[in-house]
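Beneath this line is the structure, given in structure tokens, with notes to follow.
The values are calculated or read from the model by the stated rules, or taken from the named source; none is laboratory data. Note that this is a predicted model, so its numbers are computed, not measured. Note: ideal-geometry Cβ built from the backbone for every residue, glycine included; neighbour counts use all protein chains shown.
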Amino acid sequence: MSQHPTQRDAAKNSRGAVFMIAAMAFFAVEDTCLKAVAASLPVSEILILFGSTGVIVFSGLALLANEKPFPANVFSPLILARCLSEIIGRLFYMLAIALTPLSTASAILQATPLVVIGCAGLFGERVSMRRWISVFAGFAGVVLILRPGTEGFGLLSLLAVIAMLGFAGRDLATRAAPLHMSHRQLGVLGFMVLIAAGLVAAPFTRPMIVPDTTTIWILLLGSASGIIAYTALTVAMRTGEIAAVTPFRYTRLVFAVIAGFFVFQERPDLWTMVGSAVVVGSGIFALTERRKTTPRLT
């Protein structure tokens, strides 16, 4: 017999949405810093510096919480799959924001919820038709922003597409990761893969240099924002339903458009603004939509 979601489930969904929006806002700050320093530093060096900072901070937080930075099951197939997905996502997204407009790369990344929600059944969740419609409406908004056949769909845009698939794999693995692994331990692993991604890219980028003082401060700001964003994202993916929380990833596009406008003088046109309104509206609808859930038989 079907039943309405409980108030407790609704509260979890709301909490997860708040953390997801916060994560997207801080990721936008991180992206802005990454793009800014990419003009003077090679991509490999940026990834290694960001990764090293995150590993140090999350390791310290884990030790303060009496946790091992590297738990015993760190080499389990699931965690290794998560790390590989994150390497792919981080490396290719860094290349995307360095070589393409920030708003364009962020827009392509908004297809991530399609992949994640499409796999929600792996966690025993049923996705209502209304939520499917809202997610595809959000994707339509992304297409409206990019407008196939224009500059946004050049070969370099494939970098963001590959990154999107990597991040979707990471989010699903985060959801499936053992709950006894804290966000601090997952943070250590997440930023370690940044170092790994930087090492992979090193042979293909220009030689590393010593950054100047301004660049160092931007790197520190970006690192702090990334650490906060990573923590909020991990909490979001472990709170509420995937189908309810994930659509709020779309807010990253709005933050990216704002950053691109004020920092990099990117001028979004009317279609970009309309598309942004569509994707945000679809995310809000996905959360507020009240669906009936039929429990799965075990």
Legend entry - The one condition in (1) outside any helix (DSSP H, G or I); (2) modelled with pLDDT under 80; (3) under 24 Å from Ser106 (Cα atoms) that Met181 fails to fulfil: (3)
Legend entry - Search result, residues across segment 203-231 that are over 18 Å from the mean Cα position of the chain (by Cα), part of a helix (DSSP H, G or I) and modelled with pLDDT under 90: Pro203, Phe204
Legend entry - Residue check for Val235: farther than 23 Å from Phe50 by Cα, modelled with pLDDT under 90, in contact with a helix residue (DSSP H, G or I) (Cβ under 8 Å, 6 or more places away or on another chain) and in a helix (DSSP H, G or I): no
Inset, instruction - Output the number of the condition that Asn66 fails; it satisfies all remaining conditions of (1) buried (at least 17 other Cβ atoms within 10 Å of the Cβ); (2) over 29 Å from Thr251 (Cα atoms); (3) of a type outside the set (A, V, I, L, M, F, W, C). - result: (1)
Legend entry - Candidates Ile228, Ile209, Ile216, filtered to the one that is among the hydrophobic types (A, V, I, L, M, F, W, C) and free of Cβ contacts under 8 Å to residues at least 60 places away in the same chain: Ile216
Legend entry - Candidate set: segment 143-164, residues that are in contact with a Phe, Trp or Tyr (Cβ under 8 Å, 6 or more places away or on another chain) and more than 16 Å from Ile87 (Cα to Cα); chosen: the one modelled with the highest pLDDT: Leu144
